Amino acid sequence: MRFTRQSNSFAIILSYMMLPLKENDRPIVKKLLEAGCCARCVLRFCCLEVQSAYRKSYEDISRELCDFIRDAENKVAQVAGVPEQLTEDPPSKKIKLDTAKIDDQSEDESVLVPTVTDQGNAEPMDSDVCVVCLGVLQDFCDEAHATKISGVVKAENYQFDTMVLSVSLPAQLSVREHSCWLHIKKEVREKSMCLDKDDVIPVKEAFKWIMQGLVSKQLGGIPVVTKISRQTEQFEVGVGFTHPETDSDCHFLAGICPDCFRPTKNKQNVFTRMAVVKAIEKVSDEKFVKKFPCPPPRPASKCIAQDVQCLHVSVFVAGRYNKFSRTLPQTPWVIDGERRMESSVEELIAAPLLSSFRAEGFNFSSSGREDVDVRTLGNGRPFAVELQNPHRARFNKAEVRQLQEAINQSSDKIRVRDLQIVSRDAMGHMKEGEEDKTKSYSALIWTHKDISKDDLMFLEETKELKLAQKTPLRVLHRRPLAVRERVIHTMSTRFLDAHHFHLALRTQAGTYIKEFVHGDFGRTKPNLCDLLKTETDILELDVESVDVDWPPPIPE
Amino acid sequence: MEDLEHIKAPSVIDRYYTRWYKTDIKGKKGEDQCVLQHSNRICVITLAESHPILQNGNKIKSVNYQISAGCSRLQNKVSGKSKRGGQFLTEFAPLCRITCTDDVEYTIYSCIRGRLLEVNEGILERPELLLEKPSTEGYIAVILPKIEESKTVTNGLLSREEYENVLSNRTGGSAEPEPC
Ligand SMILES: [Zn+2]
């Protein structure tokens, strides 16, 4: 809202008061307007921290700035003895940029000098794109843009209770900001010696002051805030701008400060915002003004708004799984780009989660893993799934239980228990136990020579058997070669026939059971062949328990 | 339970490895070797069952991995997942020399190109393993071919079938040694 100018000077004074500018802001305001700064950028360079001032309509701020300048001239008139005008609708002297004089092709600053024209019905000055914010604070800080942003958020149907609005600006805005700062540094210092470039309100900040409230209103009052910590702000909406016309603004910096713009493999554009800001800090004012015009040259077009990006922080779901199949790998098994086995544990678990959380992707991790031909029985193996960019993140206990049911209904090859939503940090517990906990296995063993029950007795009496285990040949292609000491705590046997028995083992985590049985070319010492003095082989293996006490059990 | 008797068909080698052979290496009659290639491309080098060491009835006097004054395979050290530092071998690189009790010395070769990961120190202390378990505990060395050569590295070698044909032509027909 704005006050309309009434028929007395009181109203005029009121309208100035709406923009809390000081007398010594006047030279700054005048110089900035002449340079082609937009009304909101003028407020920024006046270091005005009153947020409500930025939230007024662009037209109102423009008009009030013009009044502020005109008042100065009136005062000059008063000093000259001319009585103050108190007419109903005083002709407003507007600063207008003489666009006819602008020559985009020319770098000669002299043609860019704006003129103050005395026109009652002047074109609104916001038709000119701001030399500093390139239109961000002119054309993208209104109800219409807020509608566009909230429209995208609504269309994606996210569930959230707080939203972070983040802004990404073209890197050259930093160059233009600096150029403008150097242009008015003298006047700002005259206003107050303590003011520095850091006191100028950043474009991002002003943008958020205006837009957070507007977007919040459109979303039915959900708070739209500035990012403070990862913990509380779960949902982020990114608004980005580009301005290809002025991308080359940054290029001169590479000549002055090549160190800041080293090309890297994964970066197509070396002129990142960070690099540009760093380079500007290194360049002296003298050098900068020699290489880049002050104030910045006028752009012909405004910024282009990029697609609005929504991102919800990942949700982590943990539990324990059983694997009942000897033809099911834990993760998709691909050899030479070709898929082996049609499914996997992680896919069977993740598919129902992905659709319920409406997530874009997932990462599966677990406390150790079993081979494709190994079953995992007993209490199951702890696992966690990171669900990336979930559109829905809140599930109560009953809903999580239903999810667990859905997973268990979808396949009889696996079963999940203790399903729960956990924090990212809690995932660490799963890996902690991995190396030093006990694991229990049961294996079906074949022996070359005939055996009797009595031949197996001594295995039961063998406790804390130390093994020296070289990295198994089957994983040596992807793991370092080492000899590791592992302990088999206990063994028990169940005789089947002259060539077969069941062997139950409790071992230190990280013991390779298959290699303990067949010896791996004698690379695991001692092995079961040595102990039984005959060739032995492993026909079946089951994991009976993984003794990691995370995640906590969920009572049925 | 009776059918459990018949479960044991394929051995560890049958399940995970492909057998390749090189016969009459360096033109020396009968000096045959075996390359066991794992599906993960790792190769284990062993004597073939037709090698004179396993055929001549002599015992083994010594195994020597010092293949020249300046080069010992025992010095081979690999580190990290990428196995940095391992000696790179071509197919005719000698791995070790084995001397039998009749004082005949045989040189065992790499047979394939690749990085040497380890040699079998077990046969230094117990050379009899070469005779008792030539294709398992009596192995000679482990070699990792380059990933881009993993498919072609065995191109010059004989398959099990071709090897058996070579053997039957040698003896003039019938004898087919069991694969071990
Ligand atoms: Zn601006």
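The values are calculated or read from the model by the stated rules, or taken from the named source; none is laboratory data. The shown structure was predicted, so the numbers you read here are calculated from the model rather than taken from an experiment. Don't worry about glycine lacking a Cβ; one is built from the backbone with ideal geometry, like all the others, and counts go over all protein chains shown. Surface accessibility is based on the protein's heavy atoms, side chains included, excluding ligands, DNA and RNA. Shrake-Rupley method; radii C 1.70, N 1.55, O 1.52, S 1.80 Å.
Quick notes on this one:
- Karplus-based coupling profile of the stretch B:123-138, in residue order and whole Hz: 7, 6, 6, 10, x, 4, 4, 4, 7, 7, 9, x, 9, 10, 5, x, with θ = phi - 60° in 6.51 cos²θ - 1.76 cosθ + 1.60 and x standing for Gly or Pro.
- Counting Cβ atoms of other protein chains within 10 Å of each residue's Cβ and taking the mean over peptide A:516-522 gives 5.
- Within the stretch A:305-365, the GluC sites (Glu not before Pro) that combine a DSSP coil assignment with at most 15 other C-beta atoms in a 10 angstrom radius are A:Glu342, A:Glu360.
- Surface accessible to a 1.4 Å probe, A:Lys291 within the full protein complex, Å²: 120
- Karplus 3J(HN,Hα) series, Hz, for the stretch A:190-196 with 6.51 cos²θ - 1.76 cosθ + 1.60 (x for Gly, Pro): 5, 5, 7, 5, 7, 6, 9
- Solvent-accessible area per residue, Å², over the protein assembly as shown with all protein chains present [probe radius 1.4 Å]: 48
- Residue (of A:Ser442, A:Gln138, B:Ala48) at the positive-pole extreme of the protein assembly as shown, dipole from beta-carbon charges: A:Gln138
- Heavy-atom accessible area buried between chains B and A is around 2300 Å² (1.4 Å probe, both sides summed).
- Cβ-defined net charge surrounding A:Thr534, 11 Å radius [Lys, Arg +1; Asp, Glu -1]: -3
- For the protein assembly as shown, a crude dipole built from +1 on the beta carbon of Lys and Arg and -1 on the beta carbon of Asp and Glu, taken about the Cα centre, is about 1140 debye to the nearest 20.
- Electrostatic tally near A:Gly378: other residues with Cβ closer than 14 Å to its Cβ, Lys and Arg +1, Asp and Glu -1, net +3.
- Other residues within the sphere of radius under 12 Å centred on the Cβ of A:Ala504, judged by their own Cβ, net out at 0 (K and R +1, D and E -1).
- Across the alpha-carbon atoms of chain A, the computed radius of gyration and Dmax are 35.9, 125 angstrom.
- Cβ-based charge dipole, the stretch A:438-546, positive-most Cα from A:Val517, A:Thr471, A:Ala498: A:Thr471
- Under-5 Å amide H pairs with A:Cys38, H placed in peptide plane, nonlocal only: A:Val131, A:Val132, A:Cys133
- Largest to smallest in accessible area, the residues A:Phe501, A:Phe458 fall in the order A:Phe458, A:Phe501 (1.4 Å probe, all protein chains included).
- Between helix A:58-79 and chain A: long-axis angle, C-alpha atoms, 0 to 90°, nearest 10: 30
- Sequence-ordered 3J(HN,Hα) estimates for the stretch A:30-44 from the Karplus curve with 6.51, -1.76 and 1.60 and θ = phi - 60° stand at 4, 5, 5, 5, 5, 6, x, 7, 7, 4, 6, 5, 4, 4, 4 Hz, glycine and proline given as x.
- Largest accessible area first, the listed residues A:Trp181, A:Trp333, A:Trp209 line up as A:Trp333, A:Trp209, A:Trp181 when surface is computed with a 1.4 Å probe on the assembled protein chains.
- A straight Cα-to-Cα reach below 19 Å connects A:Lys287 with the lysines A:Lys185, A:Lys186, A:Lys197, A:Lys278, residues fewer than 8 places away in its own chain not being considered.
- Rounded to 10°, Cα long-axis angle of helix A:273-282 versus longest principal axis of chain A: 60
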